[in-house]
Each structure stands twice: as structure tokens, then as C-alpha cells.
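**Student:** This structure is in C-alpha cells; I'll ask about it shortly.
The values are calculated or read from the model by the stated rules, or taken from the named source; none is laboratory data. Just so we're clear, the structure is a prediction, and the values are computed from it rather than from any experiment. Cβ placement follows ideal geometry from the backbone for every residue including glycine, while neighbour counts extend to all protein chains displayed.
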Amino acid sequence: MRKKIIAGNWKMNLSSSEADELFKAIDDPHYDNNEVIKIIFPPHIYIDRFIKKRKEFKIGAQNLSSYNNGAYTGEISGSMLHSIGCEYVLIGHSERRLYFDETESILSLKVKQALENKLKIIFCIGETKQERESNQFINKLQLQLNQLSKSLSPKDYENIVIAYEPIWAIGTGLTATPNQVEEVHAHIRKKLEDLTDSKTAGNVSLLYGGSCNPSNAKTLFECPNVDGGLIGGASLNAVDFSSIIKTLQSTHK
Ligand code: PGA
């Protein structure tokens, strides 16, 4: 059965003391069930510390190197992340694709590194505003999933979560409507089925990301093919983030 997941992507925000304060506020054991997997993606330098003090949260990395260990100054490898107890990694986020020129071939090397080092992957896909307006969005998402599938064996899908993040909705305050999100998620599920089989596809968690907040979370999470959210801005506010987690906990489908 697929899992419900809320993941907070802190991006490049928060000083050391601010990060500690926020983590303490969200990781208090005040969630009444463990049905929802809760993950924080802090900046790299805070990962080790949070792994040591975490209670309910799992910790993920926002990035990993496409290389294995060696002479790659400034890089952090999948094996290093695994060795400190990091469990998840984000790959394919639109900000990495856009600002750091992460092409499909780089992303496939990263996927390989993550899987070899037993990291679970939240793989992000999404269309631009222009692709949405010209009705090219389904094609774009299918291409991204085709590329991803080239790096995966059927068994690898157990370690993959897909996050649909329309680029026009990230950090903009514009949210895709529940109808738009369900339409896309149903397509993603169907595409995964074509790439694998219905059982495998049915077990992959699909997250929505893009200006998700306490006011819109409920209607988004009620969509049949939405299994949770990848939260940016709202994950930097303990009250908002906890509220989003509780919303998913109380959503029954
Ligand atoms: P947002 O970011 O919630 O601030 O739109 C989501 C993301 O980039 O993962």
C-alpha cells in the first residue's frame, strides 16, 4: 500500500539557531498517529545534527553528487549521506534543473547514486507556465517520467516517490486547482502503470508541491491520487507546517 507523506523543503534558508528552533517546534511528538511519513530536507550542514536529535521526522538531503567519492571538491556523495543515516534525497527539483543546469543525464546519474546508496528518492517533475498554457503539460511530464524510467528497474520503484510541482506554482502563491492536480496525478499513475504494472504503479506515492498551505491542503489531499505534499515556503513556519501534516492525517479516502 502506498504511503502518505509530507515533506518540508527548507531550500537555502535559516541560520543555525533558526533551524534548531524550527526543527524543535515541528518534531515534538504531538502527532497522534504514525500513518503519515514526515520528512524534512534541511540544508546539508544541518542534516547530521537533526538525524541525531530527531524524534518523529525522517531527514533527507536536498541534493547529492552525481559522482561517487573522490576528487570532486565541494560535492557530497550518496554514500556520505547514507553513512550518517540520511534516508531520503530530492532529485529533479525545478530549481536544480533551472539554476544549476541539471540535465536529464545528470539527473539519471544522481538517481543511480541514490539507489546504489540506499537513499529513497523524491523525484520532482513539472511543467512551465508556457507548457501549461499551450496544453503541452502532459507531454512534458510523460517525457520526464520516460527519462526517469530508464534509470530504474521494476524493483527500484519501491524507493521512488514522485512529486508533481508545476513550476508556475512554486513560491508564487498560485496553486494548481484540485481538478488540475488530480488530472495530472491520474495521468502520472497511468504512465507509471504503462512503465511497470498496476500493482507497482499503485504503490508509488504521488505528492503535490507548489504553494501548498494550510488553507488549500485539505482539498488537494482529498484528491484520490494525491498522497501528500512537498512543501516549500509553508514548511518554514512551524504552525503552518504542523497544520498541513494534521490535515493529511485526518484525510481519509
Ligand atoms: P513552495 O515550494 O511550497 O514554496 O511553492 C515547493 C517546492 O519548491 O518544493
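**Student:** Just the residues that are part of a helix (DSSP H, G or I), in contact (Cβ under 8 Å) with a residue 12 or more places away in the chain and within 17 Å of Cys212 (Cα to Cα), please, taken from region 140-179.
**Tutor:** Within region 140-179, Ile167, Trp168, Ala169, Pro178 qualify.
**Student:** To continue, here is another question. For region 48-77, what are the residues that are farther than 16 Å from Ala114 by Cα, in contact with a Cys (Cβ under 9 Å, 6 or more places away or on another chain) and of a type in the set (A, V, I, L, M)?
**Tutor:** Across region 48-77, the qualifying residue is only Ile51.
**Student:** Filter region 5-22 down to the residues that are part of a helix (DSSP H, G or I) and either aliphatic (A, V, I, L, M) or surrounded by 15 or more Cβ atoms within 10 Å (Cβ to Cβ) (or both) and list them by number.
**Tutor:** Of region 5-22, the ones part of a helix (DSSP H, G or I) are 16-22.
Scanning region 5-22 gives Ala19, Asp20, Leu22.
**Student:** Out of all the residues in region 47-80, which are of a type in the set (Asp, Glu) and over 22 Å from Asn34 (Cα atoms)?
**Tutor:** Applying the first criterion (of a type in the set (Asp, Glu)) to region 47-80 yields 48, 56, 75.
Correct list: Asp48, Glu75.
**Student:** Would you check which residues across region 191-233 are among the hydrophobic types (A, V, I, L, M, F, W, C) and within 13 Å of the ligand (Cβ to nearest atom) and list them? Don't jump to the end; show me each part of the working.
**Tutor:** Pass one, region 191-233, residues among the hydrophobic types (A, V, I, L, M, F, W, C): 192, 195, 201, 204, 206-207, 212, 217, 220-221, 223, 226, 230-231.
Matches in region 191-233: Leu207, Cys212, Ala217, Leu220, Leu230, Ile231.
**Student:** Among the numbered criteria (1) buried (at least 17 other Cβ atoms within 10 Å of the Cβ); (2) of a type in the set (S, T, N, Q); (3) touching an Asp or Glu at 6+ places or on another chain (Cβ under 8 Å), which one does Ser235 miss?
**Tutor:** All conditions are met except number (3).
Table: residues versus (1) among the hydroxyl-bearing types (Ser, Thr, Tyr); (2) over 19 Å from Leu206 (Cα atoms); (3) surrounded by 20 or more Cβ atoms within 10 Å (Cβ to Cβ); (4) within 16 Å of the ligand (Cβ to nearest atom).
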residue	(1), (2), (3), (4)
Lys112	no, yes, no, no
Leu119	no, no, yes, no
Phe123	no, no, yes, yes
Ile138	no, no, no, no
Leu143	no, no, no, no
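**Student:** Now for a separate question. Six or more apart or on different chains, Cβ under 9 Å: which pairs go from a residue in region 23-51 that's within 16 Å of Asn237 (Cα to Cα) and surrounded by fewer than 16 Cβ atoms within 10 Å (Cβ to Cβ) to one that's at pLDDT 90 or above and among the β-branched types (Val, Ile, Thr)? Could you list them?
**Tutor:** Ala25/Val239
**Student:** Looking at region 46-68 only, could you name the residues that are within 17 Å of the chain's Cα centre (by Cα), assigned to a loop (DSSP other than H, G, I, E, B) and not polar (S, T, N, Q)? Steps first, answer last, please.
**Tutor:** Residues of region 46-68 that are within 17 Å of the chain's Cα centre (by Cα), as a first pass: 47, 57-64.
Next, from what is left, pick out any that are assigned to a loop (DSSP other than H, G, I, E, B): 57, 62-64.
Scanning region 46-68 gives Phe57, Leu64.
**Student:** Might you let me know whether region 199-213 holds any residue that is without any contact (Cβ under 8 Å) to a residue 60 or more places away in the chain and over 18 Å from the mean Cα position of the chain (by Cα)?
**Tutor:** yes
**Student:** Can you find even one residue in region 4-18 that is touching a helix residue (DSSP H, G or I) at 6+ places or on another chain (Cβ under 8 Å) and farther than 30 Å from Thr172 by Cβ?
**Tutor:** Checked region 4-18: no residue is touching a helix residue (DSSP H, G or I) at 6+ places or on another chain (Cβ under 8 Å) and farther than 30 Å from Thr172 by Cβ.
**Student:** Of the residues in region 145-190, how many are away from the ligand (no atom under 13 Å from the Cβ) and more than 13 Å from Asn225 (Cα to Cα)?
**Tutor:** 17
**Student:** Looking at region 146-173 only, could you name the residues that are farther than 15 Å from Leu107 by Cβ, touching a Leu at 6+ places or on another chain (Cβ under 7 Å) and surrounded by fewer than 23 Cβ atoms within 10 Å (Cβ to Cβ)?
**Tutor:** Asn159, Trp168
**Student:** So how many residues does region 200-242 have that are under 21 Å from Asn34 (Cβ atoms) and assigned to a helix (DSSP H, G or I)?
**Tutor:** 7
**Student:** Taking only region 84-107 into account, find how many residues are touching a Leu at 6+ places or on another chain (Cβ under 9 Å), within 23 Å of Asn69 (Cβ to Cβ), surrounded by 19 or more Cβ atoms within 10 Å (Cβ to Cβ) and without any contact (Cβ under 8 Å) to a residue 60 or more places away in the chain.
**Tutor:** Matching residues across region 84-107 total 5.
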